[in-house]
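See below for the structure under consideration.
Laboratory data are not the source of any read-out in this text; all were calculated from the coordinates shown. Since the model is a prediction, treat every value here as computed from it, not as a measurement. A quick note on method: Cβ atoms are made from the backbone with ideal geometry, for glycine too, and the neighbour counts reach across all protein chains shown.
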């Protein structure tokens, strides 16, 4: 149960005033970093700018309070933009809220069932593929506002979106483009001056001042979304129907998987920075609670944000108090300064996300895998990337995981091997093994099975053959770490065939998992316990005595 205990309980043991001051300062700095990103990500997701702050405040609070990391900062991230935009377009705000809540429930279940360690089994090719795919989609999604194009409704599909941009490119707003380029230039140059204040915030302040005082013809948040609410989010239960829940199961599962992967990856990175170990299952529970309450208070899906978490560590944050202070600071900004956000140019927010998209794509790894990885990995990588870009993230992850699983099973099946055993010059493990194998009767056949035996490799068992002289078949299983029901069925069939041919079938060195599986299946009773031996020497002794007895009976 300790694995599910929130990290804040451990972090506050021996908590000192000096650390409290550091956590407060770090929390305020991280809130300043999160402010422009939260607004920009909300707008890119197809929801109101306030909802980005609601998410950072509500989800961030629960993730810090109940999560399994000392320094995790939760909130909206770029990974969700594509899927959120699609949900809002097809099912509206209620659909998004339902999907967010269901994703939260999935995450809590995953944490309770201790699935935290299983997230790492999502192949690197899939995470690289969909990350680069998300980056491309996010980048292209910002071009309308960056160029100031006049498009009444931007299509959600990638190719349709590109087509709409080309069709309406004659509506290019040169002024908006120049402001956007100024914003990008500031974000690229500012980190060389100082890292204390985020370049995105500086870019927003500078370009907002320019547009406002020069009265430039550039769309702002206010001109597009109207007056922004400066009130604290209200608790709201969406209109729920069984049909809507059914429709949201698949995207909610994708959100949960994404949130789990990104949050645990962020936690692992931050562990290395502070020399700590996070509780993966508690982190999943915290993420789940954060998403449930984010949905109930009008927010969008959230997860651990790697960039904001790293900023928290670099500025001295070492306990979840920093994350809570970050939420409090954003609440104060929401209540007191939100109307000023209406003055921010849309092209500037687009510029912020263009830089985010460019930074999140690991193209070096992508093209490196294309050059050096096995063909099966390249197929998974490219398929996930293309599916993310051309269709959506739900389809990409579902097909990517299935494809990776099938290719993995194919590889595992190829590692499984059944072969006739021959004398080896330097046999290991069992004393007397070499002598036994030098002189084996022709009526005894020895086969060694290597590798995991599961349904994809089960048919290899039936390849074990014998001739008319064979009286005993010895199957050595010391190199079989695991076996499944399909392989057990094949072993039963092998026993049946042996009985029909009056051949004695015996097994040597069955490992723990296969032995337990055989006992539960009833296979051992079917075979006969007397036909199981701990090592090859005892198995061969028995086989030789059995053959000798048969010869004696014939005489």
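Relative to the present Cα-Cα distance, how much length would full extension add between residue 216 and residue 153 at 0.36 nm per residue of separation? Walk me through the numbers before you get to the answer.
On the way: separation 63, 0.36 × 63 = 22.68 nm, distance 2.35 nm.
Roughly 20.3 nm would be gained on extension.
Per-residue ellipticity at 222 nm for the chain, helices alone: DSSP H runs ≥ 4 residues times -39500 (n - 2.57), over residue total, nearest 500 deg cm²/dmol?
Numbers: 23 runs with 358 residues, N = 555.
After summing the helix terms and dividing by residue count, I get -21500 deg cm²/dmol.
What is the fewest-to-most order of 407, 159 by other Cβ atoms lying within 10 Å of their Cβ?
On the way: 407 18, 159 10.
Ascending Cβ contact count within 10 Å gives the list 159, 407.
Please give, to one decimal in nm, the separation of the simple spin-label points placed at residue 174 and residue 20, each 7 Å out from Cα toward the Cβ.
Placing both labels 7 Å along Cα→Cβ, they lie 5.9 nm apart.
Of the peptides 220-226, 448-454, how do they stack up when ordered by the mean number of other Cβ atoms within 10 Å, highest first?
For the peptides 220-226, 448-454, the packing ranking is 448-454, 220-226.
Provide the gained length on full extension for the span residue 391 to residue 115, in nm with one decimal, where the gain is 0.36 nm per separating residue minus the Cα-Cα distance.
Stretched out fully, the residue 391 to residue 115 stretch lengthens by 96.5 nm.
Arrange the following residues from fewest to most other Cβ atoms within 10 Å of their Cβ: 145, 541. Intermediate results must be reported in sequence, preceding the final value.
Details: 145 28, 541 14.
Lowest count first: 541, 145.
So what is the relative contact order of the chain, in percent, for Cα pairs below 8 Å that sit 6 or more residues apart?
Details: 1021 pairs, mean separation 126.0, N = 555.
Once normalised by length, the contact order is 23 percent.
Sort 500, 489, 410 so the one with the fewest other Cβ atoms within 10 Å of its own Cβ comes first. Please list the in-between numbers first.
Values: 500 8, 489 15, 410 12.
Final ranking by Cβ density, sparse to dense: 500, 410, 489.
Taking a ≥ b ≥ c as the square roots of the Cα gyration tensor eigenvalues, with a/c under 1.5 meaning rounded and otherwise prolate when a/b beats b/c, else oblate, which class fits the chain? Show your work: numbers first, answer last.
Details: a/c = 2.96, a/b = 2.39, b/c = 1.24.
Verdict is prolate for the chain.
For the pair residue 525 and residue 502, how long in nm is the line joining their label points, each one 7 Å along Cα→Cβ?
2.9 nm
Is segment 95-204 rounded, prolate or oblate when judged by the Cα gyration tensor, a ≥ b ≥ c being the square roots of its eigenvalues, rounded requiring a/c under 1.5 and prolate requiring a/b larger than b/c? Provide the component values of the computation, followed by the final result.
Values: a/c = 2.41, a/b = 1.50, b/c = 1.61.
Note, shape of segment 95-204 comes out oblate.
Of all DSSP beta bridges in the chain, what percent run antiparallel (nearest 5)?
Values: 7 of 21 bridges.
If we restrict to bridges inside the chain, about 35 percent are antiparallel.
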